[in-house]
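Asker: This is the structure I have questions about; it appears just below.
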């Protein structure tokens, strides 16, 4: 459960369809299907199916729901995702619900953690029995 996931690696290599640059502040809810990179500030919830890369100077003040997330910046809100990676510069202040989690040395996390296996993993285990 705490091992590096290939989906996280793939997120770093996927095409970024939306970029919120450094110095920009967006207020309101963000919704989408592709991958977004945030280097600025978002004040509101972020619901993105493809994935989120939060840059080192990026900040989200709201809840996140996504397939995969890589956090280099700061999140002040809850995170619900299948795959989460918090880098050494990352900070999460809120509860996390995830299938897989990787936290680098130096990262900061304050909140409750709920981990569960994805249904795909459970199906594979059940099929072997």
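A short reminder: the numbers here are calculations on the coordinates, not readings from a lab. Keep in mind that this is a model prediction, so the values were computed, not measured. A quick note on method: Cβ atoms are made from the backbone with ideal geometry, for glycine too, and the neighbour counts reach across all protein chains shown.
Asker: Rule-of-thumb check for segment 6-128: C-alpha Rg over 2.2 N^0.38 Å? Kindly include the intermediate steps, with their values, before the conclusion.
Answerer: Numbers: Rg = 14.0 Å, N = 123, 2.2 N^0.38 = 13.7 Å.
That works out to 1.02 for segment 6-128.
Asker: Here's a follow-up. Once fully extended, how much extra length lies between residue 24 and residue 49, figured as 0.36 nm per residue of separation less the alpha-carbon to alpha-carbon distance? Please list the in-between numbers first.
Answerer: Working: separation 25, 0.36 × 25 = 9.00 nm, distance 2.23 nm.
That pair, residue 24 and residue 49, stretches by 6.8 nm at full extension.
Asker: Go through 49-59, 20-30 and give me the packing order, highest mean Cβ count within 10 Å leading.
Answerer: 49-59, 20-30
Asker: Just grab the label-to-label distance for residue 87 and residue 116, each label 7 Å out from Cα along the Cβ direction, in nm (one decimal).
Answerer: Calculated label separation equals 3.0 nm.
Asker: On average, how much area does the Cα convex hull of segment 30-83 cover when viewed from any direction, in nm²? Don't skip to the end; give the middle numbers.
Answerer: Working: hull surface 11.1 nm².
Seen from a random direction, the Cα hull of segment 30-83 projects 2.8 nm² on average.
Asker: Now, a different point. Which whole-angstrom value gives the distance between the alpha carbon centres of segment 12-43 and segment 65-82?
Answerer: The two parts, judged by their Cα centres, are 12 Å apart.
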